[in-house]
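Data block below; observations after.
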Amino acid sequence: MVRIAVLTFDGYNELDSFIASAILNRMKTRGWAAYITSPTPQVTSLNGVTVQRQQPLEFAAEADAVLIGSGSKTRQIAADEGLLSRIRLDPSRQLIGAQCSGTLLLAKLGLVGDLPACTDLTTRPWVVEAGVKVLDAPFVAHGNVATAGGCLASQYLAAWTIARLAGLAEAEAAIHYVAPVGEKQAYVARALAAITPHLPVADAA
């Protein structure tokens with residue numbers, strides 16, 4: 001069974017958390033489960049959508065993969081040492097991905113280092129301020145750590161996670177399922193073009 005924590009904080013962006021978790025849960029017939037993982041029992045999005053968490057924040061330490069979404073309060077979260085100390089991640093045994101302002105949290109957790117990363121245009125100055133070189137690209141991965149920029153890049157994080165843990169064919173099938181009718185091949189091709197250069201050689205094959 002593959003368990004995935006989708007870190008979701010107050011002020012979260014619905015597109016980041018829900019698109020990723022929905023695509024990943026396409027793998028539930030294979031024993032996968034992606035969970036909305038939050039520091040509090042309820043979190044409210046930047047647009048006022050309140051949801052119940054499925055797992056507490058500490059679940060991230062035991063998950064096989066962790067994806068960190070963005071939100072309107074990420075800068076406050078990045079400055080909250082107490083909250084950050086509850087997020088325990090290990091890239092030697094976990095896949096870790098972050099999207100948009102989630103990349104700032106990765107930087108604060110020391111998981112980006114001097115490697116280039118992706119983020120959204122609004123967050124870019126904050127990530128640069130944190131000492132990270134930002135790429136003008138939607139997705140990049142270095143080993144077990146990936147970053148993505150732009151709300152709809154959540155599909156790339158989900159596809160990368162599936163490709164790494166179940167193979168490229170499964171990632172292609174998951175994106176094909178959610179892609180718009182009449183545009184499926186184009187969506188699949190775009191997703192694979194984004195993630196394949198950043199997969200280990202065996203996975204890319």
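The values are calculated or read from the model by the stated rules, or taken from the named source; none is laboratory data. The shown structure was predicted, so the numbers you read here are calculated from the model rather than taken from an experiment. Here the Cβ is made from the backbone with ideal geometry for all residues, glycine too, and neighbour counts use every protein chain on show. The protein model used for the area step is the full one, side chains on, heavy atoms only, and it has no ligands, DNA or RNA in it. Shrake-Rupley method; radii C 1.70, N 1.55, O 1.52, S 1.80 Å.
Suppose we keep only residues that are among the hydrophobic types (A, V, I, L, M, F, W, C) and assigned to a loop (DSSP other than H, G, I, E, B) within region 1-54. Which one would you say is nearest to residue 82 (Cα to Cα)?
Going through region 1-54, the residues among the hydrophobic types (A, V, I, L, M, F, W, C) turn out to be 1-2, 4-7, 9, 15, 18-20, 22-24, 27, 32-34, 36, 43, 46, 49, 51.
Next cut, assigned to a loop (DSSP other than H, G, I, E, B) only: 1, 9, 46, 49.
Working: 1: 31, 9: 14, 46: 22, 49: 25 Å.
Ranking the candidates gives 9 first.
Any residue at all in region 67-81 that's surrounded by fewer than 14 Cβ atoms within 10 Å (Cβ to Cβ) and closer than 27 Å to residue 175 by Cα?
No, that holds for no residue.
Here's the yes/no breakdown for (1) crowded, with 17+ Cβ neighbours inside 10 Å; (2) of a type in the set (Gly, Ala, Ser); (3) closer than 29 Å to residue 10 by Cα:
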site	(1), (2), (3)
108	yes, no, yes
113	no, yes, yes
137	no, yes, yes
174	yes, yes, yes
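Pick from 29, 40: which is hydroxyl-bearing (Ser, Thr, Tyr), out of contact with any Phe, Trp or Tyr (no Cβ under 7 Å at 6 or more places or on another chain), farther than 23 Å from residue 125 by Cα and open to solvent by 70 Å² or more (accessible area, probe 1.4 Å)?
Values: 40 fails: open to solvent by 70 Å² or more (accessible area, probe 1.4 Å).
Every option except 29 fails the conditions.
Residue check, residue 92 against (1) open to solvent by less than 70 Å² (accessible area, probe 1.4 Å); (2) in contact (Cβ under 8 Å) with a residue 40 or more places away in the chain; (3) farther than 20 Å from residue 193 by Cβ, all met but one. Which one?
So residue 92 meets the others, but not (1).
Output the qualifying pairs, or none if there are none: Cβ atoms under 7 angstrom, residues six or more apart or on different chains, first residue in region 53-69 and in contact (Cβ under 8 Å) with a residue 12 or more places away in the chain, second residue of a type in the set (Phe, Trp, Tyr) and part of a strand (DSSP E or B).
54/35; 55/35; 59/35; 69/12
Starting from region 149-176, keep only residues that are in a helix (DSSP H, G or I), then list their pairs with residues that are of a type in the set (S, T, N, Q) whose Cβ atoms are within a distance under 7 Å, requiring at least 6 positions of separation or different chains.
Filtered contacts from region 149-176: 151/13; 153/99; 154/99; 157/99; 175/155.
Please identify the pairs in which a residue from region 110-130 that is of a type in the set (D, E, K, R) has its Cβ atom under 8 Å from the Cβ atom of a residue that is in a helix (DSSP H, G or I), counting only partners at least 6 apart or on another chain.
From region 110-130, the pairs are 120/151.
What about residue 131, is it surrounded by fewer than 18 Cβ atoms within 10 Å (Cβ to Cβ), modelled with pLDDT of 95 or more, of a type outside the set (Val, Ile, Thr) and in a loop (DSSP other than H, G, I, E, B)?
Details: surrounded by fewer than 18 Cβ atoms within 10 Å (Cβ to Cβ): yes; modelled with pLDDT of 95 or more: no; of a type outside the set (Val, Ile, Thr): yes; in a loop (DSSP other than H, G, I, E, B): yes.
In short, no.
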